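Each value in this text was obtained by applying a stated rule to the coordinates, not by laboratory testing. All of these numbers come straight from a predicted model, not from anything done at the bench. When we count neighbours, we look across all protein chains shown, and the Cβ atoms used for this are built from the backbone with ideal geometry, even at glycine.
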Amino acid sequence: MKKFFTTIKNIFSIEDLRVRILNTVGFLMIFRLGSFIVLPGVDPDLLGEGTSGGIFDFINTFLGGSFSRASIFALGIMPYISASIVIQLMTVAVPYFQKLQKEGESGRKKLTQITRVLTIAITAAQGGSYLAVTIPSEAIYNPGVFFSVSSVIILVAGTMFCMWLGERITDKGIGNGISMLIMIGIISRLPGSLLGEAVSRGMSGALMFVLEIVALFFIVMAVVMLTQATRRIPIQYAKQVIGNKLYGGKRDYIPLKVNASGVMPIIFAQALMFIPPMIAGLWSDSDVGAYIGATFADPYGWQYNLVFGILILLFTFFYTAITVNPNDIADNLKRNGGFIPGIKPGKQTSEFIDQVLTKITLPGSIFLAIVAVLPAFAVQAGVSAGFAQFYGGTSLLIMVGVVLDTLQQIESYLLMRHYEGMMKSGKVKGRSQIAAA
């Protein structure tokens, strides 16, 4: 306990780190405050029946309740994530976007501008569907064209403001801003869900509730192991004589993470799973629209989880491919006089790293998909739907991933100031190790 308080003292004794933590807390408070501001012209007391059940509760968890409250942040950051998915797919398939990606800082700025414009378009489309599907007509004081147009504009502004908050957290705070906004929305629902599960079990089901908590503990440990697991590739640096001194000759390793893509495949897949029920709501009178709406409205159905798991597998390989480039790693090793024992520098090194990356990504993506669909099995085992969302799945993966990533950044600040790290032994492993490799 003494070490814990000493670590907290060290964290707040570093001015830059203290300012970043306070900035993050401030931005998150603004985000949570905005989630309680209801759209003008909507009666919040009549919203319950229009946004309850199925996929709506699932979306509501990720948006911290703003979805069911018809908040100005009702769509949250999800349209921005959808736009980012589209742009990243374009950088793989369209030569123009590939060229922008290779132009460095100027190309990145252009891609960011295109992503923002696309975010506005997606938010406007989803905003119209949101008003038509989720808000009952009796909750609107003066329904009509003016209400629809003004509400869509407000929803677009709310999403763009959430995007701006995420960028400010990334630049001025701690952790990835977009992931932090999603995580704070999830955590805000956790206390109520936990209390509801305990009350529903009662004294007669106290033992079962304890077993659920124990099972949740082991699932969290498994997710931490998945997030932290690495495959170390040994590296040998050649000895070089510069002047009168001998440099090099040391051994090191490249830490390739089993789940190099982090929580992004889950976020991307979840963002895509939100789109079909909203689009189907516009054609609910047709058989196809009704079938799609019924299929994707149940996040615990086998069809929903099958599609969700497949998307996670695909996005894991896709995001790993664009974040970890074996050619760049091989070139950097060759440039610095490093090589993998038994492997020739250059092309063969790149092929070897690519083979290792493929072998560890496959089991990692499968385990990631299994954990993501665990809430469906938890519901079948008798766990309440509200608590089952935290029993595994996207909620748990995002929370664990974001918390570990944030702790890793704090750990880096402590070690740079020559303070003892947050753990007595070992380190909090993060993505920075991959970037360093």
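Tell me the trypsin sites (Lys or Arg not before Pro) within region 87-124 that lie in a loop according to DSSP and have at most 16 other beta-carbon atoms within 10 Å. Each step should come with its number before you reach the end.
Working: sites: 99, 102, 108, 109, 110, 116; in loops: 102.
Answer by residue number: 102.
Hey, in the GNM for the chain with a 10 angstrom Cα cutoff, which one of 28, 397, 211 fluctuates hardest? Highest fluctuation among the options: 211. A simple spin-label model places the labels of residue 94 and residue 142 4.0 nm from each other, with each point 7 Å out along Cα-to-Cβ. In this rough spin-label picture, where each label sits 7 Å from Cα along the Cβ direction, the residue 207-residue 23 distance is 5.4 nm.
Just report the Cα centroid separation between region 73-127 and region 333-379, whole Å. If we compute the Cα centre of each part, the gap is 27 Å. Computed from point charges on the beta carbon alone (+1 for Lys and Arg, -1 for Asp and Glu), the dipole magnitude for the chain about its Cα centre is near 2500 Debye. Positive-end ranking of 164, 363, 342 along the dipole of the chain, with charges on Cβ about the Cα centre, is headed by 342.
Report the calculated FRET efficiency for residue 36 and residue 385 (r = Cβ-Cβ distance, R0 = 25 Å), to the nearest 0.05. Given R0 = 25 Å and the Cβ-Cβ separation, E is 0.60.
Between the Cα long axis of helix 105-133 and the first principal axis of the chain there is an angle of about 20°, rounded to the nearest 10. Using a simple spin-label model with pseudo-atoms 7 Å out from Cα toward Cβ, residue 170 and residue 328 lie 1.5 nm apart.
Taking the radius of gyration and the Kirkwood hydrodynamic radius from Cα positions alone, what is the Rg/Rh ratio for the chain, to two decimal places?
Working: Rg = 23.8 Å, Rh = 23.9 Å.
When Rh is taken as the Kirkwood radius, the ratio is 1.00.
Where does helix 393-416 land angle-wise versus the long Cα axis of the chain, in degrees 0 to 90, nearest 10? Result, in degrees: 40. Less than 5 angstrom separates the built amide H of residue 257 from those of 231, all sequence-distant by 5 or more or on a different chain.
Tell me the mean residue ellipticity at 222 nm calculated for the chain from its helices only (DSSP H runs of n ≥ 4, each -39500 (n - 2.57), averaged over every residue, nearest 500).
Values: 19 runs with 293 residues, N = 437.
One gets -22000 deg cm²/dmol as the mean residue ellipticity at 222 nm.
Shape analysis of region 1-174 places it in the oblate category; the axes a ≥ b ≥ c from the Cα gyration tensor give an a/c of at least 1.5, with a/b not above b/c. Equivalent ellipsoid of region 136-248: semi-axes from √(5λ) of the C-alpha gyration tensor, largest first, are 47, 33, 10 Å.
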